[in-house]
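> Have a look at the structure that comes next, please.
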Amino acid sequence: MKKSNSKLNYQTPFFSLILVLLCLSLVPVSAEVISPSQYFGYQPGSDRMLMDYEELIEYLTKLAAESPRLDLREIGESPQGRKMYCAFFSTAANINNLENLRDINRRLALDPDIPDDQREVLLKNGKVFFMAALSMHSGEVGPSQSAPIIAHDLVTTIDPRVLDWLDKVVYMMIPCHNPDGMDMIVNHYKKYKGTKYEGSSMPGIYHKYVGHDNNRDFVTLSQSDTKAIARLYNTEWYPQIMVEKHQMGSRGPRYFVPPMHDPIAENVNESLWNWTWVLGSNLATDMTEAGLAGISQHYLFDDYWPGSTETCNWKGVIGLLTEAASVKYATPIFIESTELGAYGKGLSEYKKSINMPLPWPGGWWRLGDIVEYEIVSTMSLLKTAALHRREILAFRNKHCKTEVQRGREQPPYYYILPRKQHDPSELVKLVNLLIEHGVNVYELTEPFTSANRIFTSGDLIVPLAQPYRPFIKEVLEAQVFPVRHYTPGGKIIKPYDITSWSLPLHNGVAAVEIDQSPFEPPAFTQIVFPFNLKADLPNTFQTVILNANSNESYQTAFQAKKTGLKVERLIKSMVINEVNYPRGSFLIHRNNNNKSKLKLLLDGLQVSPGFVIDKVNFQSEPVVIPRIALVESYFHDMDAGWTRYVFDSYKIPFQIVRPGDFKTTDFAKKFDIVIFPNENVNVLEKGKYKSDGEYFVSAYPPEFTQGIGDEGKTQLLTFLDQGGIIIAWGGSTKLFGGQLEIKRGKDEVEEFQLPFSDKSDKLRKAGLYCPGSLIRLKLLGDHPITLGMEPEIGVFSRGKPVFATSFPNFDMDRRVIGKFPETDILLSGYCENEEKLANQVGLVWLKKGKGQLVLFAFNPQFRASTSVSYKLLFNSILLPALD
């Protein structure tokens, strides 16, 4: 194992232990347990060598068969169908007693009323469960590549200190958080290994759908790998400590350990934050003692927003983050001392400071260095967990008791989700999501009155007197950003990521906060997963009617078309069986030929549709699914990936088109709609990034850096000229601003400018700052794009783009479909100078000849977490062609 350029202190006890463990990984202790170097033919962490996911799991499977200290358990599947595992390491006695230890964890985590004598027995017999999720971002290969060495060390060690740790701790290793991405990255690296493009960025996203954003999915739980890992701490094993292991940029500190920087989440229990100091301080001490330079703390990364694996913090799990400086996957890099720097919160200069007492001096940096740092950090956490075993277990139960008591004594006391909702399908999804998170949801069995409002039997109620109270409050309330400053009256400490994630607001579900303690607690009964609002199908009916207010209705209509069923849409609202079905609601007529298909479709619904028993003359038109081109660049285009996920979930067919394919694609012949998710306009046009007016070359192999170019844009605008529909949002909308031209034949060129512009740069210079918040949008009623929508919703915005429209010329037109209100613009999150958005345009429909464009100033499907605005996108897809 190659060492870092730090001056190593070989005399310290902790480093001596690490040196022994590293040597053990090179030579097997016995013939029965094969070492990583023997199994793989190289030592993991060696220059220019990477194992793939299957090789990693095969090795761990072999160790599990050979050692009583390891139990490898399947926990779920990745989005591409690879089996996922958690490896449990401890003494043989603990491994044989895992189920009893799990019961202890569950009791301490969830039972606030344990009698003192029973609690004492649990604290005496319990073990700290320390969970580590490795390499969720697949380009950050080091943690997973270190897994075989750590595993071998733990199952073969004879060191009495480590054996004592294992007696007190169960280490839960998730060998790879993202199996699909691990194989993608390793295959890419091997493809270009030995060429000048060795270590280049992998084109596309290292996940079926979301790429780097898998670290943003731990509230929504949309992806199967996210669900598998979240289950471990939400409802299955209840570990007391969790660490998520990442890598960061190459030219700053070598390693980040907790504590995090401000701002922090105010709903998280204060004692939990203190425990991150204990574990983080020991990490910094042990790693520096082991001679590892460049350890930073309280730097760059905050812990304000949920969404990463550290969402466990809101549930009483001490959630930690580590970040190692990266190399080019397995290819070493040399960093000059003059190239080292610091940026962001916590370090203003790359100098010795309280947040980095031993700076790394520069030089060669290798995958082997990252692996070494990972080994040392893992052993440090094991040591600290063992040293504080009883206190950590006691804290978990104290957290449970404290939060339940706060829920009884502090407002809010309840959230009530009325059964009657604009979109009942989103109510069902929200209730089931809360239950997946380990939250208890109940149904009122009697009417309940609070603040002069009567709630009826059947409404859903979420008490705050639960162990996961911080999480419940965090995701059900509107967010108010905790403004903190570097100095009194100085610059604010900006958030690391977004500032809004309110599940009711993001998903269009009405939720009522009960801030007054009731004289008598409401009567309710617990909801059992999965919750639904289904009723038995009638024996006979002529037509199924799907309300346009419901997202599930669109999903069902798209699915019906995919299976060959005929679907129609109401062109006027109708009252049927005393229920008003708005314009845009879907109809499926039953006949002898489609009964089985229709039953299968209806069996999958979560909300009962309407049924028409007798024949009715509907005013309707057939639904035609357009041929969709979805534009996705190779530049880790996560927003396009999220769009693919939403389309697959809603059964919307599409074909991916890359920017470099435009010049050879006859859009008018092959497609009806072209959709541009949010992407940098320079990446789309030129295949390059642009900064300060200059283009710069990316790290992707050149075959993946082709932009649309002039010829491609000609093809696109010819498509528009021939009646095509273009839908775009975010940065992609810049493609259609300014002067454009359509070429007809060899000689005819028409120059034109669409009647809109983007004002966001001017607004930013005037002081607008919106770091990912939910903004109020007022919608134009009874328009094809707003069918099924409420008059006003919240949309996710980063403050750009912001549109202005102008009076159209010639064969052009425009309609403002959505605008920001004059006042009370911010719904959730943070926005400086929000008044700059007053009466500005957020959604616009444009016409050029027979062509149409729908431009969004917000992401309608942001990270699959804003279903309140999905129908705006779906309706845009279903827009009829112009005559």
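The values are calculated or read from the model by the stated rules, or taken from the named source; none is laboratory data. No experiment lies behind these values; they were computed from the predicted model shown. When we count neighbours, we look across all protein chains shown, and the Cβ atoms used for this are built from the backbone with ideal geometry, even at glycine. In case anyone asks, the SASA skips ligands and DNA or RNA and just uses the protein heavy atoms, side chains included. Shrake-Rupley method; radii C 1.70, N 1.55, O 1.52, S 1.80 Å.
> Right, SER222: open to solvent by 10 Å² or more (accessible area, probe 1.4 Å), within 18 Å of LYS83 (Cα to Cα), outside any strand (DSSP E or B) and out of contact with any Asp or Glu (no Cβ under 8 Å at 6 or more places or on another chain) or not? Talk me through it step by step, then tell me what you get.
Working: open to solvent by 10 Å² or more (accessible area, probe 1.4 Å): yes; within 18 Å of LYS83 (Cα to Cα): yes; outside any strand (DSSP E or B): yes; out of contact with any Asp or Glu (no Cβ under 8 Å at 6 or more places or on another chain): yes.
For SER222, the condition - open to solvent by 10 Å² or more (accessible area, probe 1.4 Å), within 18 Å of LYS83 (Cα to Cα), outside any strand (DSSP E or B) and out of contact with any Asp or Glu (no Cβ under 8 Å at 6 or more places or on another chain) - is met.
> Which is in contact (Cβ under 8 Å) with a residue 24 or more places away in the chain and surrounded by 20 or more Cβ atoms within 10 Å (Cβ to Cβ), of GLY139, GLY199?
Working: GLY199 fails: surrounded by 20 or more Cβ atoms within 10 Å (Cβ to Cβ).
That would be GLY139, the only listed residue that is in contact (Cβ under 8 Å) with a residue 24 or more places away in the chain and surrounded by 20 or more Cβ atoms within 10 Å (Cβ to Cβ).
> So which pairs qualify, if the first residue must be in the range 580-607 and over 30 Å from HIS783 (Cα atoms), the second must be surrounded by fewer than 11 Cβ atoms within 10 Å (Cβ to Cβ), the Cβ gap must be under 9 Å, and the two must be at least 6 apart or on different chains?
The qualifying pairs are ASN594/GLY564; LYS597/GLY564.
> Within the range 548-563, take every residue that is among the hydroxyl-bearing types (Ser, Thr, Tyr) and free of Cβ contacts under 8 Å to residues at least 60 places away in the same chain and give me the one that is most open to solvent (accessible area, probe 1.4 Å).
So the first thing to find is which residues in the range 548-563 are among the hydroxyl-bearing types (Ser, Thr, Tyr), and the list is 550, 553-554, 556, 563.
Going one step further and asking which of them are free of Cβ contacts under 8 Å to residues at least 60 places away in the same chain, we end up with 556, 563.
Details: THR556: 7, THR563: 51 Å².
Among residues in the range 548-563 that are among the hydroxyl-bearing types (Ser, Thr, Tyr) and free of Cβ contacts under 8 Å to residues at least 60 places away in the same chain, the one most open to solvent (accessible area, probe 1.4 Å) is THR563.
> Are there strands (runs of 3 or more DSSP E) fully within the range 785-878 with at least 2 residues that are modelled with pLDDT of 95 or more and crowded, with 22+ Cβ neighbours inside 10 Å? List them. Give the steps one after another, and end with the answer.
On the way: elements: 792-797, 803-805, 812-819, 826-828, 841-848, 851-856.
Passing ranges, in order: 792-797, 812-819, 826-828, 841-848, 851-856.
> Which of the residues that make up the range 147-175 are surrounded by 24 or more Cβ atoms within 10 Å (Cβ to Cβ), among the aliphatic types (A, V, I, L, M) and under 18 Å from ILE34 (Cα atoms)?
ALA147, ILE149, ILE150, ALA151, LEU154
> ASN678 fails exactly one of the following numbered conditions: (1) closer than 27 Å to TYR329 by Cα; (2) open to solvent by 50 Å² or more (accessible area, probe 1.4 Å); (3) in contact with a Ser or Thr (Cβ under 8 Å, 6 or more places away or on another chain); (4) at pLDDT 95 or above. What is the number of that condition?
(1)
Each row is one residue, and each column tells you yes or no for (1) in a loop (DSSP other than H, G, I, E, B); (2) over 20 Å from the mean Cα position of the chain (by Cα); (3) of a type in the set (S, T, N, Q); (4) within 23 Å of TYR329 (Cβ to Cβ).
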site: LYS191; (1), (2), (3), (4): no, yes, no, yes
site: ILE205; (1), (2), (3), (4): yes, no, no, yes
site: TYR209; (1), (2), (3), (4): yes, no, no, yes
site: ALA228; (1), (2), (3), (4): no, no, no, no
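> Given the conditions (1) in contact (Cβ under 8 Å) with a residue 40 or more places away in the chain; (2) touching a Lys or Arg at 6+ places or on another chain (Cβ under 8 Å), report the number of the one that LEU779 does not fulfil.
It fails just one condition, (2).
> Count, please, the residues in the range 176-196 that happen to be under 26 Å from SER224 (Cα atoms), among the polar types (S, T, N, Q) and open to solvent by 10 Å² or more (accessible area, probe 1.4 Å).
First, pick out the residues of the range 176-196 that are under 26 Å from SER224 (Cα atoms): 176-189.
Checking the rest, the ones that are also among the polar types (S, T, N, Q) come to 178, 187.
From what's left, open to solvent by 10 Å² or more (accessible area, probe 1.4 Å): 187.
Residues that pass the stated criteria total 1.
> Report the residue count in the range 385-397 for those that are over 30 Å from the mean Cα position of the chain (by Cα) and in a helix (DSSP H, G or I). Can you show your working first?
Going residue by residue through the range 385-397, those that are over 30 Å from the mean Cα position of the chain (by Cα) are 386-391, 394.
Next cut, in a helix (DSSP H, G or I) only: 386-387, 389-391, 394.
Result for the range 385-397: 6.
> Something else: Which residues, counting only those in the range 741-755, are open to solvent by 10 Å² or more (accessible area, probe 1.4 Å) and either in contact (Cβ under 8 Å) with a residue 60 or more places away in the chain or within 24 Å of LEU843 (Cβ to Cβ) (or both)? If you could, list the steps in order and put the result at the bottom.
If we filter the range 741-755 for residues that are open to solvent by 10 Å² or more (accessible area, probe 1.4 Å), which is where we start, we get 741, 743-753.
Selection gives PHE752, GLN753.
> Check TYR238 against each of (1) in a helix (DSSP H, G or I); (2) on the phi > 0 side of the Ramachandran plot and name the one condition it does not meet.
(1)
> Okay, moving on. What is the residue count in the range 327-341 for residues that are surrounded by fewer than 21 Cβ atoms within 10 Å (Cβ to Cβ) and either touching a Pro at 6+ places or on another chain (Cβ under 8 Å) or part of a loop (DSSP other than H, G, I, E, B) (or both)?
Initial filter on the range 327-341 (surrounded by fewer than 21 Cβ atoms within 10 Å (Cβ to Cβ)): 328, 331-341.
Restricting the remaining residues to those that are either touching a Pro at 6+ places or on another chain (Cβ under 8 Å) or part of a loop (DSSP other than H, G, I, E, B) (or both) gives 332, 336-337, 340-341.
Of the residues in that region, 5 qualify.
> Give the residues of the range 478-501 that are closer than 21 Å to PRO418 by Cα and surrounded by fewer than 22 Cβ atoms within 10 Å (Cβ to Cβ), sorted by residue number.
Hit for the range 478-501 is ALA478, nothing else.
> Restricting attention to the range 711-724, does a residue exist that is more than 22 Å from LEU843 (Cα to Cα) and assigned to a strand (DSSP E or B)?
No, because not a single residue in the range 711-724 is more than 22 Å from LEU843 (Cα to Cα) and assigned to a strand (DSSP E or B).
> Confirm whether GLY181 is free of Cβ contacts under 8 Å to residues at least 40 places away in the same chain and either small (Gly, Ala, Ser) or not in a helix (DSSP H, G or I) (or both).
On the way: free of Cβ contacts under 8 Å to residues at least 40 places away in the same chain: no; either small (Gly, Ala, Ser) or not in a helix (DSSP H, G or I) (or both): yes.
Against the criterion (free of Cβ contacts under 8 Å to residues at least 40 places away in the same chain and either small (Gly, Ala, Ser) or not in a helix (DSSP H, G or I) (or both)), GLY181 does not qualify.
> With the requirement that a residue be more than 22 Å from PRO495 (Cα to Cα) and either touching a Ser or Thr at 6+ places or on another chain (Cβ under 9 Å) or surrounded by 14 or more Cβ atoms within 10 Å (Cβ to Cβ) (or both), what does the range 351-361 give you?
SER353, PRO357, LEU358, PRO359, TRP360, PRO361
> So which residues in the range 249-299 are open to solvent by less than 40 Å² (accessible area, probe 1.4 Å), among the aromatic types (Phe, Trp, Tyr) and assigned to a helix (DSSP H, G or I), if there are any at all?
TRP273, TRP275
> Taking the range 592-611, which residues are assigned to a loop (DSSP other than H, G, I, E, B) and open to solvent by less than 70 Å² (accessible area, probe 1.4 Å)?
We begin by selecting, within the range 592-611, every residue assigned to a loop (DSSP other than H, G, I, E, B); these are 592-594, 604-606, 608-609.
Once the filter is applied, which keeps residues that are assigned to a loop (DSSP other than H, G, I, E, B) and open to solvent by less than 70 Å² (accessible area, probe 1.4 Å), the range 592-611 yields ASN594, GLY604, LEU605, GLN606, SER608, PRO609.
> Scan the range 422-449 for residues that are open to solvent by less than 40 Å² (accessible area, probe 1.4 Å), in a helix (DSSP H, G or I) and either under 16 Å from GLU474 (Cα atoms) or not acidic (Asp, Glu) (or both) and jot them down.
PRO424, SER425, LEU427, VAL428, LEU430, VAL431, ASN432, LEU433, LEU434, ILE435
> Can you find even one residue in the range 578-595 that is of a type in the set (Ser, Thr, Tyr) and farther than 30 Å from PRO412 by Cβ?
Taking every residue of the range 578-595 in turn, at least one turns out to be of a type in the set (Ser, Thr, Tyr) and farther than 30 Å from PRO412 by Cβ.
> Considering only residues that are open to solvent by 50 Å² or more (accessible area, probe 1.4 Å) and either of a type outside the set (Asp, Glu) or touching a strand residue (DSSP E or B) at 6+ places or on another chain (Cβ under 6 Å) (or both), which ones fall in the range 389-408? Before the answer, list the steps.
Let us first name the residues in the range 389-408 that are open to solvent by 50 Å² or more (accessible area, probe 1.4 Å), namely 390-391, 398, 401, 405-406, 408.
Listed by number, the residues that qualify are ARG390, LYS398, LYS401, GLN405, ARG406, ARG408.
> Give me the pairs: first residue in the range 865-882 and over 24 Å from LEU427 (Cβ atoms), second residue of a type outside the set (A, V, I, L, M, F, W, C) and surrounded by fewer than 21 Cβ atoms within 10 Å (Cβ to Cβ), beta-carbon distance under 6 Å, and six or more apart or on different chains, which are they?
LEU879/PRO784; ALA881/GLY723; LEU882/LYS850
> Could you count how many residues in the range 647-675 are in a helix (DSSP H, G or I), surrounded by fewer than 22 Cβ atoms within 10 Å (Cβ to Cβ) and of a type outside the set (Ser, Thr, Tyr)? Break it down into steps so the answer makes sense when it comes.
Here is the first cut: in the range 647-675, the residues in a helix (DSSP H, G or I) are 647-649, 659-664, 667-670.
With the extra rule that they be surrounded by fewer than 22 Cβ atoms within 10 Å (Cβ to Cβ), the set shrinks to 647-649, 660-661, 663-664, 668-670.
Within this subset, residues satisfying the condition of being of a type outside the set (Ser, Thr, Tyr) are 647-648, 660-661, 663, 668-670.
Qualifying residue count, the range 647-675: 8.
> In this structure, is ILE264 closer than 19 Å to SER135 by Cα, modelled with pLDDT of 95 or more and β-branched (Val, Ile, Thr)?
Details: closer than 19 Å to SER135 by Cα: no; modelled with pLDDT of 95 or more: yes; β-branched (Val, Ile, Thr): yes.
No.
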